[in-house]
Amino acid sequence: MKRHLIVALGVALLATPTVQAQAQAQAETARTGPQQTPAKTGPLRTTSGTSLPAPTGKYPVGLASLHLVDSDRPDPWVPQDGPRQLMVSLWYPAAKAGTRAAPYVTPQESALILKPYPSVPADTLTKTRTYATVDAKPLARGLPLVLISPGFSFSRATMTSLAEDLASKGYLVAAVEHTYESVATTFPDGRTTTCAACAGENTEEYGATIAKSRVIDLSFVLDRLTAKSGWGRLVDRSRIGMVGFSAGGNTTPQLMAADKRVRAGVNLDGSYNPKQPTGTVRGPLLMMGTKQTHTPAGDVSWVNWWPKVNGWKRWVSVADTDHASFTDYAVIRPQVGLPAPALGGERAVSITRAYVGAFLDRHLRQEREPLLDKPSKDFPEVTFWPETASRR
């Protein structure tokens, strides 16, 4: 008998560590995503009190939305829809801030995300304060590119605080919305799709299917972003990495295996499907998750995959977090009065930014990053696992 999953963004917003551990285990089995001065930003948006942490780099941030159509591939979830269509958010360092603040999500997306919570106004996320502007001129060419793949049922927008921070430090960041795997995706014509894939059967095989589909999505986006025209003119093709959260984290090493253009990857709290890798896993790879579920005594898939990683690797966990702590929901949940884990949202975001940023700086910019070498007194919440971790 089929077990259908009800793991939407609203569930992720509300989840406490105990509830989220259960939701994550179910979803992942089936689906498998020193203080600095904030960057100068564009005009403030009127909000109802929800906002993201300011980026910490020196550059203003621009945002562009891309609508891409893969005419060679029918949509894997709704074939009658025709060719696979994807929305991509592209954050970049700007020469100077524009005049129009970037929206967080569309009104349709905000309403669907918050539908389970009638106490929260339906347009709350539409009003969430961001720091990018939509009419800013890109700073320069030769930028390292970072692909981002969100969690299953999560919008690409939920990775905005990380993406804006990376862009403020000189990265071009592309977050891919995997259509029909998100609770809500709005296209330029106003059409909003929902999570058709959420009706899938709760099996390890289905999780592997999700990852295979995402690999194709991401390689297609990479083709477009490394073309000789358009945005491809900004990209340094020798410096490409990926960050995935949850189902996106499961996809990260699988994309690296399939597409050699991706040189380094981060898995944020994503269980692996299949649970056992079919061969060696290419590094560099950072595996970063909750201390509740992603220690050697926790997720068996991480235990299985870890010794197969060939090359530089780190496995770290963060105490007092839950699954959604690696997304913008770390800060949004308490702002709208929903339960949150013990670690404060601003602190959770700063930890994710610090370790992901250090990893990308080390492997895409060849910068020395001692934060990755051993536990830090600045981040006592972070534990390195296991003691046999590679120190290369």
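The values are calculated or read from the model by the stated rules, or taken from the named source; none is laboratory data. Owing to the predicted nature of the structure, the values given are computational and were not obtained by experimental measurement. Please note: Cβ atoms are built from the backbone with ideal geometry, for glycine as well, and neighbour counts cover all protein chains shown.
Some observations on this one:
- All positions within segment 314-330 that are crowded, with 18+ Cβ neighbours inside 10 Å and touching a strand residue (DSSP E or B) at 6+ places or on another chain (Cβ under 8 Å): R314, W315, V316, S317, V318, T321, D322, H323, S325, F326, T327
- Being surrounded by fewer than 18 Cβ atoms within 10 Å (Cβ to Cβ) and either of a type outside the set (S, T, N, Q) or farther than 21 Å from L222 by Cβ (or both) is a property that D189 has.
- Matching entry among A211, A257, A247 (being of a type in the set (G, A, S) and over 19 Å from M159 (Cα atoms)): A257
- Qualifying residue in segment 284-299 (condition: touching a Gly at 6+ places or on another chain (Cβ under 6 Å) and either more than 20 Å from A354 (Cβ to Cβ) or part of a strand (DSSP E or B) (or both)): yes
- Qualifying residue in segment 194-213 (condition: within 28 Å of E367 (Cα to Cα), part of a helix (DSSP H, G or I) and among the charged types (D, E, K, R)): no
- Candidate set from segment 224-272 (those that are among the aromatic types (F, W, Y) and buried (at least 24 other Cβ atoms within 10 Å of the Cβ)); member that is farthest from T295 (Cα to Cα): F245
- Residues in segment 135-172 that are closer than 14 Å to G357 by Cα, touching a Gly at 6+ places or on another chain (Cβ under 6 Å) and surrounded by fewer than 24 Cβ atoms within 10 Å (Cβ to Cβ): 1 in all.
- Close pairs from segment 368-383: first under 18 Å from A319 (Cβ atoms), partner at pLDDT 95 or above and part of a loop (DSSP other than H, G, I, E, B), Cβ under 6 Å, at least 6 apart: E381/A319
- Any hit, segment 142-151, residues being closer than 23 Å to R261 by Cβ and either among the small types (G, A, S) or out of contact with any strand residue (DSSP E or B) (no Cβ under 7 Å at 6 or more places or on another chain) (or both): yes
Here's the yes/no breakdown for (1) within 25 Å of D328 (Cα to Cα); (2) in a helix (DSSP H, G or I); (3) not charged (D, E, K, R):
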| residue | (1), (2), (3) |
| --- | --- |
| D223 | no, yes, no |
| A227 | no, no, yes |
| G232 | no, yes, yes |
| S238 | no, no, yes |
| M242 | yes, no, yes |
| N250 | yes, yes, yes |
| A257 | no, yes, yes |
| K260 | no, no, no |
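- Exactly one residue among D165, D123 is farther than 28 Å from R239 by Cα and either touching a helix residue (DSSP H, G or I) at 6+ places or on another chain (Cβ under 6 Å) or not charged (D, E, K, R) (or both), and that residue is D123.
- Set R100, R84: member being over 20 Å from L172 (Cα atoms) and of a type in the set (D, E, K, R): R84
- Restricting E387, E381, E346, E369 to those that are more than 19 Å from the chain's Cα centre (by Cα), acidic (D, E) and modelled with pLDDT of 95 or more reduces the list to E381.
- Verdict on Y206 being surrounded by 16 or more Cβ atoms within 10 Å (Cβ to Cβ), more than 25 Å from S161 (Cα to Cα), touching a helix residue (DSSP H, G or I) at 6+ places or on another chain (Cβ under 9 Å) and not charged (D, E, K, R): yes
- Which listed residue is in a strand (DSSP E or B) and of a type outside the set (S, T, N, Q), from A175, A157, A97: A175
- Enumeration of residues in segment 324-347 that are in a loop (DSSP other than H, G, I, E, B), farther than 14 Å from T290 by Cβ and hydrophobic (A, V, I, L, M, F, W, C): V336, L338
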